[in-house]
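Report on the following structure.
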Amino acid sequence: MISALLSRVISLGLGTLYPAYASYKAVRTKDVKEYVKWMMYWIVFALFTSLETFTDFFFSWFPFYYEIKIVLLIWLLSPATKGSSLLYRKFVHPALVRREQKIDDLITAAQTRSYDTAMELGKKGARYISGMVMEGALRAPGVMAEIVNQGSGQMGLDPRRAQPAYRQASIREVEDTTYNLRPGVADIYMSDDEIGEQSIIPTQEEMEFAESDSAEVES
């Protein structure tokens with residue numbers, strides 16, 4: 001039995017490459033008979049390839065399936081059998097003539113629908129792109145400000161320097177500061193002990209002045 005790969009290689013050589021070269025010869029020599037012959041073959045072969053896509057999936061398990069495909073290709077190509085010309089004249093051409101108008105209408109409708117679909121998709125794409133551009137333009141100032149703020153934050157000073165350069169002073173510190181700003185003034189701030197000593201122990205002048213006052217009173 002022939003494998004699927006070998007069958008595909010044979011089909012490519014017999015069903016595609018050789019007919020393509022024969023069609024080239026017919027076009028080059030301008031032989032109308034050969035030209036019509038190979039045109040009929042290509043139409044039948046297109047139908048054969050379309051049908052082959054389904055049969056390979058459903059009937060590839062059938063015994064001698066690939067051998068039957070190769071024999072059928074040889075029958076289509078052989079000048080003795082003229083299988084492609086026979087199939088075209090007996091079946092393909094009459095079927096196409098009967099359904100030609102419907103096929104043309106379907107093709108025209110498909111072309112119009114595809115054009116409308118392509119235009120609609122193009123409009124949707126243009127609206128989507130324009131919306132993205134407008135959204136980016138509106139968000140650009142905020143993004144730039146955020147970038148600038150992040151940059152300035154990274155280049156900022158030491159957090160300890162960012163604290164205020166002043167703090168609330170206590171009363172004691174204010175007194176010490178006032179005293180230091182007046183170095184020429186005598187010490188007027190005395191403790192309670194110093195005040196007590198000065199009020200209890202009189203000076204020599206105060207004693208003499210007191211004795212003179214007492215003598216005047218006695219006299």
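The values are calculated or read from the model by the stated rules, or taken from the named source; none is laboratory data. Given the structure is predicted, the values throughout are model-derived calculations rather than measurements. Every residue, glycine as well, gets a Cβ built from its backbone with ideal geometry; the counts of neighbours run over all protein chains shown. Note: accessible area is taken over every heavy atom of the protein model, side chains too, but ligands, DNA and RNA are not part of it. Shrake-Rupley method; radii C 1.70, N 1.55, O 1.52, S 1.80 Å.
What the table below lists for this structure:
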item	result
Cα gyration tensor category, rounded, prolate or oblate, for segment 9-50 with a/c compared to 1.5	oblate
Convex hull per residue volume in Å³, alpha carbons only, for segment 1-106	127
Carbon plus sulfur fraction of accessible area for segment 1-99, probe 1.4 Å, in percent	75
Environment charge at Y41 (Cβ cut-off 15 Å; Lys +1, Arg +1, Asp -1, Glu -1)	+4
Residue-normalised accessible area of segment 1-153, expressed per residue, 1.4 Å probe, Å²	76
Violating pairs (Cα-Cα greater than 20 angstrom) within the set K33/K82; K33/K90; K33/K102	K33/K102
Long-range Cα-Cα pairs in segment 43-160 (distance over 23 Å), rounded percent	68
Over segment 81-135: Kirkwood hydrodynamic radius from C-alpha pairwise inverse distances, Å	14.8
